[in-house]
Amino acid sequence: MDVLTALVVGGIGFGRTAIGLVTRPYETYRRIVSYSRISELVFVGLFAGIYFAFASMVKGAAFRPFLFTRQFIVLYAAAAGGYGIAIGSLWLAGVVLRATFHLRALFLAWGYTLLPTVAWFLATSLLYVILPPPRTTSTLGIAFSILFLIFSATLFWWKMMLSYLTLRFVFKFDLSRIGMASMIVLPIMAAYSVLMYYWGIFKIPFL
């Protein structure tokens with residue numbers, strides 16, 4: 001299979017999987033682990049790249065190509081580093097807890113957990129442009145804030161569910177071992193998040 005064909009197949013698989021993660025996440029994650037192609041991660045990265053390009057333009061007071069490129073590279077590199085650290089910490093948890101797993105499945109399963117993250121960050125940036133702060137304490141302003149909190153809570157729940165399904169299907173962990181794996185992974189990811197905040201790259205963890 002040549003590169004172009006692999007990308008087309010990966011793009012179709014990505015679209016099918018993204019819809020399935022909303023409508024049938026349990027069955028979709030079982031399919032991701034067993035059958036999905038690694039080329040689908042290209043489109044996860046492209047989706048993230050769309051957000052980083054938009055965020056880079058929003059953060060700039062004026063369009064300056066050099067600063068835009070630098071900001072984009074910093075954001076993308078930091079997110080890619082976070083993805084790599086997450087994969088490494090999950091791999092460590094799998095080894096420590098003596099799980100049998102495939103790295104391909106781990107890369108794909110955790111890659112798809114980034115969809116809720118990118119969706120939230122992209123929606124936040126769009127709202128920043130459409131309804132910039134400060135927002136009023138009027139009835140409409142309060143209603144908007146409530147709707148945004150509901151939207152954020154829904155995406156957070158989606159993110160947690162996909163993270164759980166990653167541990168469940170990639171490593172075949174039961175609930176107790178998922179808890180033990182979380183005790184290994186969470187401190188590492190917390191340290192990464194603090195570092196990103198300290199460097200001023202992500203004020204809210206991009207995980």
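Residue pairs whose Cβ atoms lie under 7 Å apart, sitting 6 or more positions apart in sequence or on different chains, and linking a residue in region 108-131 that is under 18 Å from THR17 (Cβ atoms) to a partner that is at pLDDT 85 or above and among the acidic types (Asp, Glu), are LEU108/GLU40.
Considering only region 188-203, I want to know if a residue exists there that is closer than 22 Å to TYR26 by Cβ and charged (D, E, K, R). No, that holds for no residue. Comparison of TYR35, TYR83, TYR26 shows that the only residue that is surrounded by 14 or more Cβ atoms within 10 Å (Cβ to Cβ) and aromatic (Phe, Trp, Tyr) is TYR83.
The helices (runs of 4 or more DSSP H) located wholly in region 103-182 that include 1 or more residues which are at negative phi and in contact with a Pro (Cβ under 6 Å, 6 or more places away or on another chain) occupy 139-170. Quick one: is GLY88 among the small types (Gly, Ala, Ser) and modelled with pLDDT of 90 or more? Against the criterion (among the small types (Gly, Ala, Ser) and modelled with pLDDT of 90 or more), GLY88 qualifies. Filtered by the rule that a residue be of a type in the set (Phe, Trp, Tyr) and either at pLDDT 95 or above or not in a helix (DSSP H, G or I) (or both), region 193-204 gives a lone residue, PHE202.
PHE151 fulfils the conditions (1) in contact with a Gly (Cβ under 9 Å, 6 or more places away or on another chain); (2) closer than 25 Å to ALA53 by Cβ; (3) aromatic (Phe, Trp, Tyr) except for a single criterion, (1).
The values are calculated or read from the model by the stated rules, or taken from the named source; none is laboratory data. Quantities reported herein were computed from a predicted structural model and do not represent experimental measurements. Heads up, the Cβs are rebuilt from the backbone with ideal geometry, glycines too, and the neighbour counts pull from every protein chain shown.
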